[in-house]
């Protein structure tokens, strides 16, 4: 299958700190990839480079075979849910959704599942600054799915969500996968990744340690749970 | 680009700061015109006040707004919109609201009380000055990551233009007082948009005669058609060049 996202020899440093050191990876069409790694291992930087929010020092990111540097049209096909959703304070939820539709100029074929599942339509009049962290996350998730993108990039999607909301999101992720979408998830909650992911990519200090199917990983370690498998493999490698 | 501008302008109008700025300018202009029967004197007073307030408010407000809307920028960058359009949209949104505040606050009273070529030149220079300082504010904002540093730099720019620059010119004149510096001075004014604006307006007022030999020379140069075009052109440079540089910086900025 053709790869939809390809990252080639990506390097990025912030000051003296090398966050990404020659990262090479590719993601096919469809499936859920769990991107794991300790704090400050470069997960978010990798995601932001794919989105063109961080400009790499060297290397290229290709989306659908085309380099993303200096282009922006490819973002139509990506739904991004940031780690911490930050939105204009004075705007109301309803206005935010309306503005996004207006800016993208897309008004049909919208995916409003999450808006109704989270009851956001009942809160359209609430200003963004009054929202709790969890509600913001809900808004971010709903916004990421809104335009039916081919690729979903979720940066710690369930952090801050209550268990019920997290379940709704997980169901949504499964449903999107069934539609043949590619979904990248970073998370520190291994049980969640265990439930969702098909492939695991492990980043450590700016390098990819491994990128393989979850089942292969478990078989290699001889463990049933991702958490245990991961500990086993990582301690072996040291 | 214009959609972004529209949302920003709407947001600014809601915040009421621009409204207060409009009322302040209007109150100053109207009280100056009402207390002094001499329109020319009134225009001089307004110019003096305008040259302090307009750059200060433009540069500080634009920088503050830029940083307060950082979330909005982040949100936009993850959307299919080019960075150039994001920054230009922001520029148009912010500058159109501050500019309309100026046009309503100063433009309307001046046209009502002192309609004439001087009044129109005053409005034009004030508008250009607004645009210049918003450009400079954008430059300060994209150059700095941190809000406090950004606003600090913006204030430094204002200090340089309205206070430090004049001091430097005085030192320069004093040190080299043995040489004929009148023509050099004309060139030096190009380095400060506020001075350009001041000269442009004051030389329309026939009070240049009070400024001695240099004033006469300035009158000769800046009072001529060429001089007016020259100084308007330079103000345009002060408006366009910082904006282009900030576009370039913004294109390569990590968010």
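Side notes on the structure shown:
- Here B:98, B:92, B:134 are screened, and the one residue that is in contact with a helix residue (DSSP H, G or I) (Cβ under 7 Å, 6 or more places away or on another chain), surrounded by fewer than 22 Cβ atoms within 10 Å (Cβ to Cβ) and in contact (Cβ under 8 Å) with a residue 24 or more places away in the chain is B:92.
- Residue in segment A:168-182 that is surrounded by 15 or more Cβ atoms within 10 Å (Cβ to Cβ) and part of a strand (DSSP E or B) present: yes
- Considering residues of segment A:88-123 that are in contact with a helix residue (DSSP H, G or I) (Cβ under 6 Å, 6 or more places away or on another chain), within 14 Å of chain B (Cβ to nearest Cβ) and assigned to a loop (DSSP other than H, G, I, E, B) only, the residue nearest to residue B:80 (Cα to Cα): A:107
- Complete set of residues in segment A:129-145 that are over 19 Å from residue B:79 (Cα atoms) and either within 11 Å of another protein chain (Cβ to nearest Cβ) or crowded, with 17+ Cβ neighbours inside 10 Å (or both): A:129, A:131, A:135
- The set of residues from segment A:184-206 being over 15 Å from the mean Cα position of the chain (by Cα) and surrounded by fewer than 16 Cβ atoms within 10 Å (Cβ to Cβ) comprises A:191, A:195, A:204, A:205.
- Residues being buried (at least 21 other Cβ atoms within 10 Å of the Cβ) and either away from every other protein chain (no Cβ under 14 Å) or without any contact (Cβ under 8 Å) to a residue 24 or more places away in the chain (or both) - total across segment B:73-89: 2
- Selection status of residue B:65, within 14 Å of chain A (Cβ to nearest Cβ), touching a residue at least 24 places away in the same chain (Cβ under 8 Å), under 17 Å from the mean Cα position of the chain (by Cα) and over 25 Å from residue B:122 (Cα atoms): yes
- In this entry, residue B:21 is excluded by the filter for residues that are under 17 Å from the mean Cα position of the chain (by Cα), within 14 Å of another protein chain (Cβ to nearest Cβ) and either within 25 Å of residue B:196 (Cα to Cα) or buried (at least 19 other Cβ atoms within 10 Å of the Cβ) (or both).
- Qualifying residue in segment B:179-202 (condition: away from chain A (no Cβ under 14 Å), assigned to a helix (DSSP H, G or I), touching a helix residue (DSSP H, G or I) at 6+ places or on another chain (Cβ under 8 Å) and over 27 Å from residue B:120 (Cα atoms)): yes
- Condition met for residue A:10 (more than 25 Å from residue A:170 (Cα to Cα), in contact with a helix residue (DSSP H, G or I) (Cβ under 7 Å, 6 or more places away or on another chain) and at pLDDT 90 or above): yes
- Taking segment A:1-72 as the region of interest, the strands (runs of 3 or more DSSP E) fully inside it that hold 3 or more residues being surrounded by fewer than 21 Cβ atoms within 10 Å (Cβ to Cβ) are A:3-14, A:17-28, A:58-63.
- Just one of the numbered conditions (1) farther than 24 Å from residue A:177 by Cα; (2) outside any strand (DSSP E or B); (3) within 18 Å of the chain's Cα centre (by Cα); (4) within 13 Å of another protein chain (Cβ to nearest Cβ) is not true of residue A:76: (1).
The values are calculated or read from the model by the stated rules, or taken from the named source; none is laboratory data. Predicted model, so just to flag it, every value in this text is computed and none were measured. Neighbour counts run over all protein chains shown; Cβ positions are idealised from the backbone, glycine included.
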